[in-house]
């Protein structure tokens, strides 16, 4: 297949330096040549510029750096839409999870309706009333589903960009109290870590793919590396013990590849300043390879 690699060195959504170095760390592991070794056509690497904050401290304590994040989101949405319509599969290298505001909205413009599998330890469904931090990377999925605050809801011409019942969160194990209520009211499918423990990753991912592909034109996978157990992926900003294993993560991506429904992919929240010998960045690359067809035999 044709693959486009798009770096988005965003840290403003998490308000934590280091995650902006994620795209470089992932490139350093040789993602492009490894994709080519699988037989894929990989285009030139692109980078979406991230503007410096207009002020040294965020103007809005509940929507930190929202103006700068919106600039990036709209630029990325245009880029992703262009690549998908040209027949390529874009892989976004983050950067914090706020980049998904642009990647998912752009993919939705190109493939409508769009299903989403959100692999994350968190729900990312807060708004200004429920957020404990004001960090926008914790509000992105809600905004994409039409439950976000202005101006987040206005990205790429306005949403909602995905229907909540065609969104599946996989591997979650930590929600804010108000976020739980919003997710339940919205009708988003949530398959927690407890579900994986009880049923196994294969059964959970089979259900996730069925839900996200039913009546849609394809699936966007947004993979936050903190869904993995911190022993597997130490280089993330918000680690929570008890996540999925390395093998479970690969199985999930292998099943995505077998579905032939993948439209676009995010790999986010890799923070080299917190990593151990680039372990998390290398894992992100291996997961990308599994998502586009690498298998044991």
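Readers should treat all values here as calculations from the given coordinates under stated rules, not as data from a laboratory. It should be emphasised that the depicted structure is a prediction, and the values quoted were computed from it without experimental measurement. Here the Cβ positions follow ideal geometry from the backbone for every residue, glycine too, while neighbour counts run over all protein chains shown.
Just a few scattered comments:
- In the elastic network of the chain, a GNM with C-alpha springs shorter than 10 Å, the most mobile of 129, 34, 64 is 129.
- 246, 63, 267, 141 arranged by Cβ crowding within 10 Å, fewest neighbours leading: 246, 63, 267, 141
- In the chain, the DSSP-assigned H stretches of four residues or longer account for a calculated mean residue ellipticity at 222 nm of -11000 deg cm²/dmol, using -39500 (n - 2.57) per stretch and the full residue count as denominator.
- Cα convex hull of the range 73-125 - mean projected area over all directions, nm²: 3.8 nm²
- Ordering 83, 220 from the fewest to the most neighbouring beta carbons within 10 Å gives 83, 220.
- As an equivalent ellipsoid, the chain spans semi-axes of 24, 21, 20 angstrom, where each value is the square root of five times an eigenvalue of the C-alpha gyration tensor, largest first.
- Over all directions, the projected convex hull of the C-alpha atoms in the range 165-230 averages 4.9 nm² in area.
- Relative exposure of 140, 26, judged by other C-beta atoms within 10 Å (fewest first): 26, 140
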